Structures are given as C-alpha cells and as structure tokens.
Amino acid sequence: MSGFFVPHDLKAPLKGAASGPLAGLSAVVKDMYAIAGERTGAGNPDWLANAVPATAHCTVVEKLLAAGATITGKTICDEFFYSVAGMNAHYGTPTNVRAPGRIPGGSSSGSGAAAAAGACDFALGSDTGGSVRIPASLCGLYGIRTTHGRIDTTGVMDMSPSFDTVGWLAASAGVFRKVAPVLLGGTAVKAPIKNLLVADDAFEQADDPVGELLHDALTAMSGRLPKPQHVRIASGGPDRTLDYWRDAVRVIQAAEIWQIYGRFVEEKRPRFGPGVAERMQAASKVTKAETDAARKIMWAAHNHIRSQIAPGAIVALPSAPCIAPKIDTPAADMDAYRTRVMRLTCIAGLGGLPQISIPAGTVSGCPVGLSFIGWAGGDEALLDLAVTLSRYCGIERA
C-alpha cells in the first residue's frame, strides 16, 4: 500500500489564478499531463529516466490554473496506463480508503484514491478503457469519461488514441459539475433527457448483489428519470456481443500502444510489473490483419451504438461488475476481472460517447458505481443528471 503521489512529485504546488470558477479548489493530476519544468513518468521509472522536463504546461493544466485551481500533486498510475487494476509494481498501490485492503482501480488509481481520501477537491485522470470510470466506481466517487475529442489533449501522453479521453473525479457532485465548463471544449449537443435505456446485457455482467443494488437505485431515482426501457445494447448478430466488442478494443489498444511505445520498449528494455509486462509482450505480436479486422468491428459497433443513443437518450449500466477486488487477488483472477470490466467499458469507448459514474451505494461496505452513457456532445446533460441524482445515492446492501 502506498500514498497517492509519485516520487517525482511537484516541488511545490502550482497556484492558480486569484479568481475564477475554480478559485480555492485543489486538484491533483495523473502522471501523464505535461507540467512545465517537470518530467512525465507514465507510471514507469525507466520512462521517467529518459524523459526531459516539459517546456510548457499541457492545455488542460493551463485551463485549470487559469480558472483558479491549485494543482498540489502528480499521482501514481498504472504503467503506460495499461491496466484497470491500479497496482503499480514500482510505486505501490494507492490506498483505497473507501475499501481498505482492496484495489483502487486504474489506471487513474492515484487520482481516484486521492479524491476519495479528501487529499484534493477534484482529480484529473484519463479514460481509454475505463481508467476514470473504474476508480470512480471502486472508490465511491463521481467520474466522467468525456465525449471522444471534446477536450484538447495537447501535451497529454497517449495510450490508444482511438479511445483516449480526458476525465476527472470528485467526491461531491457540485465540484464534479463545476469543473466541466473549464475543460469541455468542442460543441455541446443540448437535448432534454427523454429516454432511459437499461442495458440488460450489461447488467448480466454484474455480481448479483451489485446488480440488485443498482436496480434499487434506479427505482429510488425513478421520479427524476424517464420511464425505463429494457434493451440489449449489443444485439443483432454474432458480431454484436459484448465479448466480441471487448476483444476488438483489446486488439486496437494493443496495436496502438505498441505503435507509440514499442520502439522505446525494444531499445530501452524497461522493467514492467506483472500484468503490464505480459500485455506489452502480447501487443508486440499483434498483426496488421488482426488490427484491420478489429477496426471493422469497431466502426460497425460505433454506428450501432450511436443509432441507439441519439440526443435525448441515456443508457444505464453498472460502472464495474463487482466491488473492488482484494489487493492479494491471484493474477488469473485479476485477468478475469479485467475481462469482465472491459465488457462494460467498451460500449462508450466504441461509441466515442460520454459516460458518468455516480456513487450509488455500497455492497459489503464497498462502493458501487452506477453509470449513464449519453449521446455525443451530451456531457453537460450527464453532469447535470449527476447533480440531480446525488440526493439518491447512498444505498447500502450487506
């Protein structure tokens, strides 16, 4: 178990502007965002040793500082952001204070753990395959994966550009919502929420106590939501299953991370922790034919998902299939957990859509997140929904 911050943390807090919408709030940032004069480590000490200090802040950090936020630290993450567990073999596993002895979720593990512990008002992460949504769920936080491409990622390290997004986490719905106008760029697509789709195939992935709590939460929230319609998001043929979609995401992520970091891996032979080492080795072997086939599945899924989630429609699903696994969970079981997670997270990823996770309640004393996927550009509607529904969060199940 460890703290939340990397050994190469900031020498001193970066003070934000004296006034602005985020004045008086503190933030931490994942170790992938460029900060002037600092090296970005990607969770790996060998990458850090070869990195040079940034000459300027990345765009996202500039916006936070200009809005008045003070950045107090750089947080631990999974190596090269290639995990949803949040366990770093070099820097330790950030402590999940909401579920002691259990993982915080990754790859934005330090950001999620810090926000849950009250070490900051909000935390900057990233979400490619669940890296904000999973820590939000496991640590009992509000978290968002934004519409793909809405936030400028200049100065942010890549993982898999086909799916990479900026996201953030906070313990309170009010602070969570307040960050949005500062960071969200692009065009908002405004529409009232008129349709609630409950993704039965996604709920089937969840442990029974988790699914039951989330259905109870939706019932408690029913006065603030449209009448639910039960659907299967992945349906219509053998190439439309959550596993089929998950595997396409896995292949594309592997191909892209190797394209970005493969030369460094081959030349520098960096030390990797368990899990990441095996995934990097597998990534090196992905063929062009496999990648091309996966991209065909990706675009077919993209169109199918967006046809169901038009402006005004949202989809309810579990953020994660279970409560946080214990830190000493065997490797084979962690691999199975990762597969289950990606069946859920691949939906918004393939659609390029925004998704929020809200802290619905607890099972056996551990946090459980309820998610809503919105339409492209519907980030603000989801954030407003999080504030509206916050009064209904806190259901407990033994």
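The values are calculated or read from the model by the stated rules, or taken from the named source; none is laboratory data. Since we're looking at a predicted model, the values are computed, not measured. Neighbour counts run over all protein chains shown; Cβ positions are idealised from the backbone, glycine included.
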Only unsatisfied item for Ala49, checking (1) outside any loop (DSSP other than H, G, I, E, B); (2) within 21 Å of Ile257 (Cβ to Cβ); (3) touching a strand residue (DSSP E or B) at 6+ places or on another chain (Cβ under 8 Å), is (3)
Picking from Thr291, Thr345, Thr339, the residue that is surrounded by 21 or more Cβ atoms within 10 Å (Cβ to Cβ), among the polar types (S, T, N, Q) and touching an Asp or Glu at 6+ places or on another chain (Cβ under 9 Å) would be Thr345
Inspect segment 234-250 for any residue being touching a Leu at 6+ places or on another chain (Cβ under 7 Å), surrounded by fewer than 22 Cβ atoms within 10 Å (Cβ to Cβ) and either closer than 19 Å to Gly349 by Cα or modelled with pLDDT of 95 or more (or both) and give the result as yes or no.
-> no
Name the one entry in Gly92, Gly86, Gly106, Gly130 that is crowded, with 24+ Cβ neighbours inside 10 Å, more than 17 Å from Val29 (Cβ to Cβ) and of a type outside the set (A, V, I, L, M).
-> Gly130
Quick one: how many residues across segment 206-252 are touching a residue at least 60 places away in the same chain (Cβ under 8 Å), in contact with a strand residue (DSSP E or B) (Cβ under 7 Å, 6 or more places away or on another chain) and more than 22 Å from Gly394 (Cα to Cα)?
-> 2
Check whether at least one residue in segment 111-122 is in contact (Cβ under 8 Å) with a residue 60 or more places away in the chain, farther than 20 Å from Arg391 by Cα and surrounded by fewer than 24 Cβ atoms within 10 Å (Cβ to Cβ), and report yes or no.
-> yes
Exclusive hit being touching a Gly at 6+ places or on another chain (Cβ under 7 Å), more than 26 Å from Ser109 (Cα to Cα), surrounded by 21 or more Cβ atoms within 10 Å (Cβ to Cβ) and in contact (Cβ under 8 Å) with a residue 24 or more places away in the chain, set Ile144, Ile193 = Ile193
So which residues in segment 1-11 are of a type in the set (A, V, I, L, M) and modelled with pLDDT under 95, if there are any at all?
-> Met1
Would you be able to say whether some residue in segment 155-167 is under 30 Å from Ser364 (Cβ atoms), of a type in the set (Ser, Thr, Tyr) and part of a strand (DSSP E or B)?
-> no
Check off (1) farther than 28 Å from Leu138 by Cα; (2) assigned to a loop (DSSP other than H, G, I, E, B); (3) among the charged types (D, E, K, R); (4) touching a helix residue (DSSP H, G or I) at 6+ places or on another chain (Cβ under 9 Å) for Arg98 and give me the number that stays unchecked.
-> (1)
For strands (runs of 3 or more DSSP E) lying entirely in segment 316-398, having 1 or more residues that are under 18 Å from Trp245 (Cβ atoms) picks out 355-363, 366-373
Single condition Ala51 does not satisfy, out of (1) within 19 Å of Gly167 (Cα to Cα); (2) small (Gly, Ala, Ser); (3) surrounded by fewer than 18 Cβ atoms within 10 Å (Cβ to Cβ) | (1)
